[in-house]
Each structure stands twice: as structure tokens, then as C-alpha cells.
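One structure is given below, encoded as C-alpha cells.
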Amino acid sequence: MIPLLTGIDREHGLLRGLTGYLTAVGAAVGVGDESCTLDVDVPVSAYIALDGRLTRYPGRDVALLWEERHGWSFGVETHSGEDLLVLAYLGVELVPEPPRVRGFVAAARSFGGPFAAPVPPDLRDGGGGLLSRLARYRRDSWTTGASFLHQVG
């Protein structure tokens, strides 16, 4: 017997769902796919480069990070090429709707005082629900082709 959902199938589903989700979040925060990267190593993570800078951190680019344990965070690039300096975590859920992420970015950008050292939330999904939450964002070439065929036929 061959299991229907192998590790490769899970990775494929995760890649397709997360790619679509990043596109939706990128559009919500005003950037295109060229600003988004994805890393399917453990833990799965993503990076979205944002336009603009913070007055408190002149000369440093800002970005959104997503990680399968902590969800979304907002940070600035360091000068040494190390990991980003995380300024805030969105928390609450692992795959929030893109407008909620946009609101988080707006709040993080407009916050006037110094950020307290943020504590990463533990949003790990032990039950496999991540794939199901990402399913609505899933981008598959066959889905695009099917809609194209439907429009032509």
C-alpha cells in the first residue's frame, strides 16, 4: 500500500498554499510577488520585503516575516546581514486574513515609541490544520488551466 499523502505531497500542498497566501498578503500590503520569498525547510518560513523605512531606523529596510511556529512578525534589516530585528508579532493566529496583516503593518509603522522586546507567540499547529487553512489560497497550474478552458469553451 502507498499512502495518499506522502511527505512530498504535503510539501507540494504547503508550497502551493503558502505561495498563494503570500501573494494575497503581498497585495494587501502593497507589494508584488517579486518582494516575497519562501523557505520550505523546517520550520517553514516566508519573507516579504516592504516599501519604505521607519524614522527610528533610518537606512534599514523593513519586512514582514512569517514562520510556522510564530506566525507574522514585523522587523527591520540589520546592517550585518544577520536575521532581522523583530519589532512586533501579530500573534493570535497562524494564517490571518490578508487585511488583518495589512492592519498589523500599518500599526507597526505608525507606532511612535520604542518597541518593547517582543515575545514570540507559540502558534504551532500540531494537528495539520495549516494545510487546510492555506487551501483557499492554493495556486495550482491545473486550476488556472481549468478556468481558462472554462472561459474559452
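The values are calculated or read from the model by the stated rules, or taken from the named source; none is laboratory data. This structure is a prediction, so every number in the text was calculated from the model and none was measured. Positions of Cβ are backbone-derived with ideal geometry, glycine not excepted, and every protein chain shown enters the neighbour counts. Heavy atoms of the whole protein, side chains included, go into the accessibility calculation; ligands, DNA and RNA do not. Shrake-Rupley method; radii C 1.70, N 1.55, O 1.52, S 1.80 Å.
Worth pointing out:
- For L65, the requirement of being touching a residue at least 12 places away in the same chain (Cβ under 8 Å), over 18 Å from L18 (Cβ atoms) and of a type in the set (A, V, I, L, M) is not met.
- The requirement of being farther than 18 Å from V92 by Cβ, small (G, A, S) and assigned to a strand (DSSP E or B) is fulfilled nowhere in the stretch 26-39; no residue meets it.
- Neighbours by Cβ (under 7 Å, 6+ apart or cross-chain): first from the stretch 99-110, touching a residue at least 60 places away in the same chain (Cβ under 8 Å); second of a type in the set (S, T, Y) and not in a helix (DSSP H, G or I): none
- Unmet criterion (only one of (1) at pLDDT 90 or above; (2) surrounded by 13 or more Cβ atoms within 10 Å (Cβ to Cβ); (3) of a type outside the set (A, V, I, L, M); (4) not in a strand (DSSP E or B)) for Y57: (1)
One line per residue, one yes/no per condition, for (1) within 11 Å of the chain's Cα centre (by Cα); (2) on the phi > 0 side of the Ramachandran plot; (3) aromatic (F, W, Y); (4) modelled with pLDDT under 90:
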| residue | (1), (2), (3), (4) |
| --- | --- |
| R16 | no, no, no, yes |
| Y21 | yes, no, yes, no |
| S35 | no, no, no, no |
| G75 | no, no, no, no |
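- Residue match in the stretch 91-108 (condition: at pLDDT below 85, farther than 18 Å from E67 by Cα and either among the polar types (S, T, N, Q) or open to solvent by 80 Å² or more (accessible area, probe 1.4 Å) (or both)): no
- The set of residues from the stretch 11-38 being open to solvent by less than 50 Å² (accessible area, probe 1.4 Å) and over 16 Å from R138 (Cα atoms) comprises A28, V29, V31, G32, S35.
- Counting only residues that are farther than 19 Å from D39 by Cβ and surrounded by fewer than 17 Cβ atoms within 10 Å (Cβ to Cβ), the stretch 60-84 holds 3 of them.
- Test for D41: is it closer than 20 Å to L131 by Cβ and open to solvent by 60 Å² or more (accessible area, probe 1.4 Å): yes
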